[in-house]
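Shown next, in structure tokens, is the structure this report addresses.
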């Protein structure tokens, strides 16, 4: 008798001995990593540990070394080949680089910035029509990102914190399976960072898988239970936040004494003086 149960969902990200060389330097060393759909995960490590290369590997801006056995070392949602625009529709990507490109577009409003996500472009192409459905989905995405109040504003006049929320909304218009967030709180003040954290927690509760790449412990919201620590282009630890977000593991990864405090699920970390 044939089983009527649904096939298990393909993992969001699969790396199987994935290595990357940039110039003459190996920046990622045989990464083995499997992130399932619905598994909120933080990739954490110091500057220069390989986090940016990891993101570019997933987004097809960098390619892994070919393996002698012909095995493909990178899969996203079970597939080894993706057109970049289709990949970005399934995996919403939020990076700081995009913010500057959008800010350079003259006269670009917040709604148009979000709608441009449908076209994998910095602006809405002149030959493409914007439907009522697109506008409704853009406004719903802004609501999910806690950014509805920014409608009617010019993108270029937004603060750093406001642009992060608009970028999240832009990534959400295609109803992706997950969001890949690259250092989302960089350059934000305390209040803007809190708004961002609130937005991330809201998205996690809506069932949107979050993959957070960061060196800021404060960004690792309570809903993110899995933590992957990177150092020197390698994964050095992979486990539950309760095991890894402590002074010992973090001091080893960051190369110096680190103190960590947790209050009501919120983490704070600082470097301990050695004098």
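The values are calculated or read from the model by the stated rules, or taken from the named source; none is laboratory data. Keep in mind that this is a model prediction, so the values were computed, not measured. Positions of Cβ are backbone-derived with ideal geometry, glycine not excepted, and every protein chain shown enters the neighbour counts.
Quick notes on this structure:
- Matching entry among 126, 192 (being surrounded by fewer than 20 Cβ atoms within 10 Å (Cβ to Cβ) and under 21 Å from the mean Cα position of the chain (by Cα)): 192
Residue-by-condition table, conditions (1) within 30 Å of residue 159 (Cα to Cα); (2) at pLDDT below 85:
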| site | (1), (2) |
| --- | --- |
| 4 | no, yes |
| 27 | no, no |
| 46 | yes, no |
| 54 | yes, no |
| 62 | no, no |
| 76 | no, no |
| 96 | yes, yes |
| 101 | yes, yes |
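- Scanning the range 223-242 for residues that are in contact with a strand residue (DSSP E or B) (Cβ under 8 Å, 6 or more places away or on another chain) and more than 21 Å from residue 26 (Cα to Cα) gives 223, 224, 225, 226, 227, 238, 239, 240, 241.
- Residues in the range 65-78 that are over 20 Å from residue 27 (Cα atoms) and surrounded by 13 or more Cβ atoms within 10 Å (Cβ to Cβ): 76, 77.
- Cβ-Cβ under 9 Å pairs, at least 6 apart or on other chains, the range 256-268 side closer than 17 Å to residue 223 by Cβ, far side assigned to a strand (DSSP E or B) and at pLDDT 90 or above: 262/268; 267/260; 267/261
- Scanning the range 198-207 for residues that are touching a residue at least 40 places away in the same chain (Cβ under 8 Å) and either touching a strand residue (DSSP E or B) at 6+ places or on another chain (Cβ under 8 Å) or buried (at least 17 other Cβ atoms within 10 Å of the Cβ) (or both) turns up 199, 203, 204.
- Residue match in the range 137-154 (condition: buried (at least 19 other Cβ atoms within 10 Å of the Cβ), at pLDDT below 95 and touching a strand residue (DSSP E or B) at 6+ places or on another chain (Cβ under 7 Å)): no
- Complete set of residues in the range 248-275 that are surrounded by 15 or more Cβ atoms within 10 Å (Cβ to Cβ) and within 19 Å of residue 197 (Cα to Cα): 260, 262, 267, 269
- Residue 171 meets each of the listed conditions (1) in a helix (DSSP H, G or I); (2) more than 26 Å from residue 131 (Cβ to Cβ) apart from (2).
- Number of positions in the range 38-64 that are surrounded by fewer than 15 Cβ atoms within 10 Å (Cβ to Cβ) and either in contact (Cβ under 8 Å) with a residue 12 or more places away in the chain or under 30 Å from residue 270 (Cα atoms) (or both): 4
- For residue 176: the one exception among (1) part of a helix (DSSP H, G or I); (2) touching a strand residue (DSSP E or B) at 6+ places or on another chain (Cβ under 7 Å): (1)
- Some residue of the range 140-148 being within 28 Å of residue 109 (Cα to Cα), in contact (Cβ under 8 Å) with a residue 40 or more places away in the chain and assigned to a helix (DSSP H, G or I): yes
- When each of 235, 221 is tested for being under 18 Å from the mean Cα position of the chain (by Cα), surrounded by 19 or more Cβ atoms within 10 Å (Cβ to Cβ) and under 28 Å from residue 64 (Cβ atoms), the lone residue that passes is 235.
- Yes/no for residue 16 being surrounded by fewer than 18 Cβ atoms within 10 Å (Cβ to Cβ) and in a strand (DSSP E or B): yes
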